[in-house]
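**Student:** Shown below is the structure under consideration.
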Amino acid sequence: MRVLILGGDGYLGWPTAMDFAQAGHDVTVVDNYMRRQIAEATDSDPLMAAPNLTERVAIFKAATGREISIIIGDLADPDVMFDAVRQTKPDTVIHYAEQPSAPYSMRGFREARQTFQNNLDVTFNCIWAVKELAPEAHIVKLGTMGEYGTPNIDIEEGWLEIEHKGRKDKFLYPRAAGSLYHTTKVLDTDLLWFYVRTHGLRVTDLMQGPVYGLSTNEADLDPRLVPNFHYDDIFGTVVNRFLVQAVAGIPLTVYGGGGQTRGYLNLRDTLQCVRLAAEQPAGAGELRIFNQLTETFSVNELADRVQQAGSKIGIDVEIKSIPNPRKEKEEHYYNPTHSGLVDLGLEPHFMTQEVLVSMLERILKSKDRIAVDRIMPRVRWS
Ligand code: USQ
């Protein structure tokens, strides 16, 4: 397939590009380095140095003989998006090109507006470029489990059948996001659904939970191919943060009561899910939605697991609840369905002690790069 990856420099975009190229697909990545610029501006640089795309592509080619094409440009600009689709004639467009941090989106007006404009503009431009120039292409859009919030009923995969006054119909599952970033993803889904039902686009929306991990088949070929591994309060996801805190000897920062439960997945499983979805596309006029997670944990359970993994290699890990900077339920029901991707062929990599220990060992090698002033939350929801 010809695969166009929007946001190909990110934590997930770059490993996805390598995975598809290694599988023999013809891959082009587009990025404007927005996340790198925000990370620099907020003192949130990743733990391991991540070369730029030109360097990454050259290192990847030397390691595998495979090519990845690059376009540097801002996809919120319609010309950049339309040119990219025109040039590459994609069979699949994988859309990661969004400002992905909930805390950044809650930092202030400028950051909220940047998140809102970038995320919605890129989705809108992507829809129009595909509709006008490659209407048969399959859009694989990274959504988030955070779109649903934490309802007191089971979370279905995207859709809910409702019986009301004796009649039945099927609707998008109700959404109630907990940050402006997550809300932009709700709006993305609505936009996609509108253009699917009016113009027959093919779309898969992957509702992903927080991802953890460093290791993929391709990233392990050369240390410079590592994904951008953030541990700060703005870009770091909770498991990656806890592991770095364990290595740095900082008590694990459980926000509030720690009963917040989410659906997690290993970075390797993000790659599997995206490729399974791309290789078995949605039909024309179909908005197919999968919940992309492999297991659910509360924050307290995660902290216990990291503490246990630390003790296996002689690291004494302390856990400490701190006031929750976010507005979220700290005790709630959480039961998301997630069988769709397993039915497509997903074979999960679970969060075993071996996985956590190997991440700790890898992080230990970069211990001297950990900046401890990036750990405590700098952004509050109110
Ligand atoms: N949390 C802590 N301590 C920390 C960091 C986080 O207790 O030091 C808690 C948060 O309060 C939250 C949970 O851990 O309840 C998950 O937080 P997170 O920062 O790992 O994840 P989140 O901000 O929700 O966002 C991340 C990605 C985002 C993706 C989302 C999936 O950054 O791009 O969409 O995970 S989900 O959470 O299912 O919406």
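**Student:** Within segment 302-321, does at least one residue satisfy the condition of being closer than 21 Å to residue 158 by Cα and open to solvent by 20 Å² or more (accessible area, probe 1.4 Å)?
**Tutor:** no
**Student:** Could you identify the single residue in 344, 356, 360 that is under 26 Å from residue 223 (Cβ atoms) and more than 16 Å from the ligand (Cβ to nearest atom)?
**Tutor:** That would be 360, the only listed residue that is under 26 Å from residue 223 (Cβ atoms) and more than 16 Å from the ligand (Cβ to nearest atom).
**Student:** State whether the residues of segment 200-208 include one that is hydrophobic (A, V, I, L, M, F, W, C), open to solvent by 30 Å² or more (accessible area, probe 1.4 Å) and closer than 23 Å to residue 351 by Cβ.
**Tutor:** No, the conditions are met nowhere in segment 200-208.
**Student:** Could you please tell me which pairs satisfy a Cβ distance under 8 Å, a separation of 6+ or placement on different chains, a first residue in segment 359-374 that is open to solvent by 70 Å² or more (accessible area, probe 1.4 Å), and a second residue that is not β-branched (Val, Ile, Thr)?
**Tutor:** 367/248; 369/47; 369/48; 372/248; 373/43
**Student:** Can I ask one more? Those residues that are of a type in the set (S, T, N, Q) and open to solvent by 10 Å² or more (accessible area, probe 1.4 Å), I need them from segment 224-265; list them, please.
**Tutor:** Selection gives 237, 261.
**Student:** I need every pair where a residue in segment 43-62 that is outside any helix (DSSP H, G or I) has its Cβ under 6 Å from the Cβ of a residue that is open to solvent by less than 20 Å² (accessible area, probe 1.4 Å) and among the acidic types (Asp, Glu), sequence separation at least 6 or different chains.
**Tutor:** From segment 43-62, the pairs are 44/232.
**Student:** So which of 85, 93, 80 ends up being β-branched (Val, Ile, Thr), open to solvent by less than 20 Å² (accessible area, probe 1.4 Å) and more than 18 Å from the chain's Cα centre (by Cα)?
**Tutor:** 85
**Student:** Scan 15, 100, 51, 90 and give me the residue that is in contact with a Lys or Arg (Cβ under 9 Å, 6 or more places away or on another chain) and either over 25 Å from residue 211 (Cα atoms) or among the acidic types (Asp, Glu) (or both).
**Tutor:** Step by step, each of 15, 100, 51, 90 is checked, and only 90 is in contact with a Lys or Arg (Cβ under 9 Å, 6 or more places away or on another chain) and either over 25 Å from residue 211 (Cα atoms) or among the acidic types (Asp, Glu) (or both).
**Student:** So, one more: Which condition number in (1) more than 21 Å from residue 142 (Cβ to Cβ); (2) of a type in the set (A, V, I, L, M); (3) surrounded by fewer than 17 Cβ atoms within 10 Å (Cβ to Cβ); (4) at pLDDT 95 or above is the one that residue 48 fails?
**Tutor:** Every condition holds for residue 48 apart from (3).
**Student:** State which residue pairs qualify: first residue in contact (Cβ under 8 Å) with a residue 24 or more places away in the chain and inside segment 282-300, second residue of a type in the set (Val, Ile, Thr) and open to solvent by 30 Å² or more (accessible area, probe 1.4 Å) in any location, beta carbons under 9 Å apart, and separation of 6 or more residues or different chains.
**Tutor:** Matching pairs, first to second residue: 291/337; 294/342; 299/238; 300/319.
**Student:** Here's a check for you: in segment 126-160, which residue that is within 28 Å of residue 328 (Cβ to Cβ) and charged (D, E, K, R) is farthest from the chain's Cα centre (by Cα)?
**Tutor:** Taking the candidates together, the pick is 154.
**Student:** Shifting gears a bit: Keeping to segment 175-190, report how many residues are open to solvent by less than 40 Å² (accessible area, probe 1.4 Å), polar (S, T, N, Q) and not in a loop (DSSP other than H, G, I, E, B).
**Tutor:** Total meeting the criteria: 2.
**Student:** Residues 284, 246, 278: which one is touching a Lys or Arg at 6+ places or on another chain (Cβ under 9 Å) and not aromatic (Phe, Trp, Tyr)?
**Tutor:** On inspection, the qualifying residue turns out to be 284.
**Student:** With respect to residue 114, determine if the residue is over 18 Å from residue 292 (Cα atoms) and in a loop (DSSP other than H, G, I, E, B).
**Tutor:** Criteria not met by residue 114.
**Student:** If the requirement is being within 27 Å of residue 96 (Cα to Cα), among the charged types (D, E, K, R) and away from the ligand (no atom under 14 Å from the Cβ), which of these qualifies: 286, 328?
**Tutor:** 286
**Student:** Related question: Just to confirm my filter: which strands (runs of 3 or more DSSP E) fall fully inside segment 122-174 and include at least 3 residues that are within 16 Å of the ligand (Cβ to nearest atom)?
**Tutor:** 138-144
The values are calculated or read from the model by the stated rules, or taken from the named source; none is laboratory data. Predicted model, so just to flag it, every value in this text is computed and none were measured. Here Cβ is always computed from backbone atoms with ideal geometry, including for glycine, and neighbour counts include all displayed protein chains. Please note that ligands, DNA and RNA were not included when accessible areas were found on the heavy atoms of the full protein model with its side chains. Shrake-Rupley method; radii C 1.70, N 1.55, O 1.52, S 1.80 Å.
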